[in-house]
Amino acid sequence: MSDYTYIDSVEEAQRLAAALSQHKWVNFDTETTGLDPHTSEIRLMQFGIEENGSVHSYLVDCFKVPPSVFRAVMESDESPMFVGHNLAFDCKMLLSNNIRIRRVWDTMVGAKIVEAGMQHMVGKHNLAAVAHRTIGIELDKAQQQSNWAGDLTDEQLEYAALDVQYPYQIAKVLQSMANKEGLDMTLALEMNVVPVTAWMEFRGLHVDEAVIERLKVEYAQLIEEREATVREMVGMRPVTKERKVRLTADERDALAISRGVARKEVEQWRTVTEVIEEPWNLESGKQIMEWMRSNGIAIPKKKAKDDDGNIVYKETVDADALEQMEHPFARALVNYRRVNRALNVYVEPLLGCRNPITKNVHCSLDQCKDSGRYSASKPPLQQIPRDSDLRSMFVPDPGKLLIISDYSQIELVLIAMMSRDPVMCDLFKKGGDLHAHTATNLFGVSFIQKGDARRKDWEHGATFDGISPWSEANKARSIAKNFNFASWYGAWVDTVARIIRKAGHNMPNDQIETMLKAMHTNHPTIVSYFEQVTAKAIEAGYSETIIGRRRYYYKPRTRAEAKAISLEANNTTIQGSGADINKAGLIEIYKHRLDLRMTIHDEVLVVTDPDKAEENARLVQDLMVQGAMKIVERARCPIDKDVPIKAETKVGTSWAEK
């Protein structure tokens, strides 16, 4: 039995609130009538505090005591550290009661940080699993799904009391593990961003119903047209089928005579085999590969793992594989699938995702993927392509405007900063155009830089001696931009080719390989830096971001596995560092009470009143840079701190306007 006190009066709750302020840490949890903070209520607020050498649980019945009793102690800068598991959920429930909790320590987030990359070994991150791994305690979570809206049972109260017995004990173990691995700064950053994550989930994004309905019609028509194109190519599928046919009396008599048996001993049915035609299932990889084989089209192969964990190469017709193919059928199928996915994954489900109370879409955010980046689900906003049609569905609340801000070329800036490549660093310090610089090196084109009085006329077709035509230079810059973003992580030639093809450019693989070699020749410092990242990941078993965030890797058994780890480590080092910077910016925006709604990698969306739009846009931009510089100043690795980090901001009426 846990030692607990049940509180159902405001006076007792006020005394508890005063007592909480005297503690450095408090275990915290809530039990609620549901999972939606907009339609559910807090039934219990549980607090666990140390008294006389042990933890005593206090259970506050919020059907009788308003949660607002604890607002002051929870929102104070001097508040205790509230320790719990998956606290983003509890933070949202508090937000529904107008409480913005200030200081939290989330044991689920802590476990994800110290175990990043090891989930296949350690298992789940729910409270029971984490408690078992860290302090050897077995927790019974059977009452979690019970009815918390009715009269509370002794079993429910016992369960609620037990949930606030151990969080601080777990946190101490995780903090010790983090300190040993140099993850203390990562932990601090992530704990500060937990309330920010909760805020973004709680507020959600508004969607334009008229735009969604228009896209439904347009995309349905496009799907019909593109499907017709594919079906014209593939024709009908011949299928061999068997069916049972009842024998006639004459047929049975003839069989009986031929066999020399009585009629009653002859079967009543015979099997008929026939070939019929039916439409190919364009969503079936098996049928698509069947058609390709029958028409002599080579099927691409993709790296995968077999049941024993060995790297193998399997035939596939997934989106990435088809993107690499030049065959007209592959191009037609890609075009069909792309719009079909847009309609069925991003457009059709969106209205059904709206909350009945807020009319907004509220994502579920995982702030601690292995790389440190956010991941969004229900709906998967972070997977939405940079497509103006799709992004136009997301708008500010009625009567408001949307601030869209992102870090300018942050991954390339971080590559320059962390590799200390003299060419890239110098270019960024001078405010140069890296993509134009790369285009000049790869294609020999020349540019008129922004700020030059001739630039506008040049973009409109005017020609100047010694300067490439705008159409030629702009196309070269577009290809170079994709090269810059794709080529430094150790990607294979066909991967870079796919990225360039998605951007609308077709180039043979041998030309891409030549250009990659030229890029690497021009930037040996970057090549050396990523070689060091790879060596560390393989030999030491982890990669690190700018603040020392780690992602762990298993020991490779084959060259293919080593290559896969190299790609993962190079990506994680830079993209994870970008996530560190982005989260620092989010914290600054949240501190200033701006209405932050969503983050997508290096981009943030903020809703604002129109009369404060320009002022708040400048503030968001400044705060993002301030957050970034806090990370830069505390970098745990050698970097060039003089490389500037910039943010670009736009005010608009939809997400599509940037």
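Summary of values
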item	result
Set 564, 579, 560: member being under 20 Å from residue 200 (Cα atoms) and in a helix (DSSP H, G or I)	579
Enumeration of residues in the range 367-383 that are open to solvent by less than 40 Å² (accessible area, probe 1.4 Å) and over 21 Å from residue 546 (Cα atoms)	376, 379, 380, 381, 382
Residue in the range 217-224 that is closer than 30 Å to residue 139 by Cα, more than 27 Å from the chain's Cα centre (by Cα) and open to solvent by 10 Å² or more (accessible area, probe 1.4 Å) present	no
Residue count for the range 226-251, restricted to those that are basic (Lys, Arg) and within 18 Å of residue 340 (Cα to Cα)	2
Entirely in the range 1-98, the helices (runs of 4 or more DSSP H) that have 1 or more residues that are among the aliphatic types (A, V, I, L, M), under 27 Å from residue 188 (Cβ atoms) and more than 29 Å from the chain's Cα centre (by Cα)	10-20, 71-75
Filter result (of a type outside the set (Phe, Trp, Tyr), part of a loop (DSSP other than H, G, I, E, B) and open to solvent by less than 80 Å² (accessible area, probe 1.4 Å)) within the range 446-468	446, 448, 452, 461, 462, 466, 467, 468
Exclusive hit being outside any helix (DSSP H, G or I) and either buried (at least 17 other Cβ atoms within 10 Å of the Cβ) or in contact with a Pro (Cβ under 6 Å, 6 or more places away or on another chain) (or both), set 162, 157, 152, 189	152
Single residue of 573, 649, 599 found to be among the hydroxyl-bearing types (Ser, Thr, Tyr), assigned to a helix (DSSP H, G or I) and either out of contact with any Leu (no Cβ under 9 Å at 6 or more places or on another chain) or open to solvent by less than 10 Å² (accessible area, probe 1.4 Å) (or both)	573
Residue among 317, 261, 275 that alone is loosely packed, with under 13 Cβ neighbours inside 10 Å and either touching a Lys or Arg at 6+ places or on another chain (Cβ under 9 Å) or closer than 30 Å to residue 562 by Cβ (or both)	275
All positions within the range 406-445 that are among the small types (Gly, Ala, Ser), over 28 Å from residue 583 (Cα atoms) and surrounded by 15 or more Cβ atoms within 10 Å (Cβ to Cβ)	436, 439
Residue 535, sole failed condition from (1) under 29 Å from residue 603 (Cα atoms); (2) in a helix (DSSP H, G or I); (3) open to solvent by 30 Å² or more (accessible area, probe 1.4 Å)	(1)
Pairs with Cβ under 7 Å, 6+ apart, first in the range 512-532 and in a helix (DSSP H, G or I), second surrounded by 14 or more Cβ atoms within 10 Å (Cβ to Cβ) and of a type in the set (Asp, Glu)	525/421; 526/421
Test set (1) at pLDDT 95 or above; (2) under 24 Å from the mean Cα position of the chain (by Cα); (3) under 30 Å from residue 14 (Cβ atoms); (4) open to solvent by 10 Å² or more (accessible area, probe 1.4 Å) - residue 127 fails condition number	(1)
Check on residue 496, closer than 30 Å to residue 328 by Cα, open to solvent by less than 40 Å² (accessible area, probe 1.4 Å) and β-branched (Val, Ile, Thr)	yes
Pair list, Cβ < 6 Å and 6+ apart or interchain, from the range 242-266 residues that are outside any helix (DSSP H, G or I) to residues that are modelled with pLDDT under 90 and of a type in the set (Lys, Arg)	245/270; 247/270; 266/252
Subset tally (residues that are touching a Leu at 6+ places or on another chain (Cβ under 8 Å) and open to solvent by 10 Å² or more (accessible area, probe 1.4 Å)) for the range 80-99	4
Options 595, 609, 602; residue that is touching an Asp or Glu at 6+ places or on another chain (Cβ under 6 Å) and either farther than 21 Å from residue 119 by Cα or free of Cβ contacts under 8 Å to residues at least 12 places away in the same chain (or both)	602
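The values are calculated or read from the model by the stated rules, or taken from the named source; none is laboratory data. Here the structure is a predicted model, which means the values were calculated and not measured. Every residue, glycine among them, receives a Cβ derived from its backbone with ideal geometry; neighbour counts consider all protein chains shown. Areas reflect the complete protein model, heavy atoms only, side chains present, ligands, DNA and RNA absent. Shrake-Rupley method; radii C 1.70, N 1.55, O 1.52, S 1.80 Å.
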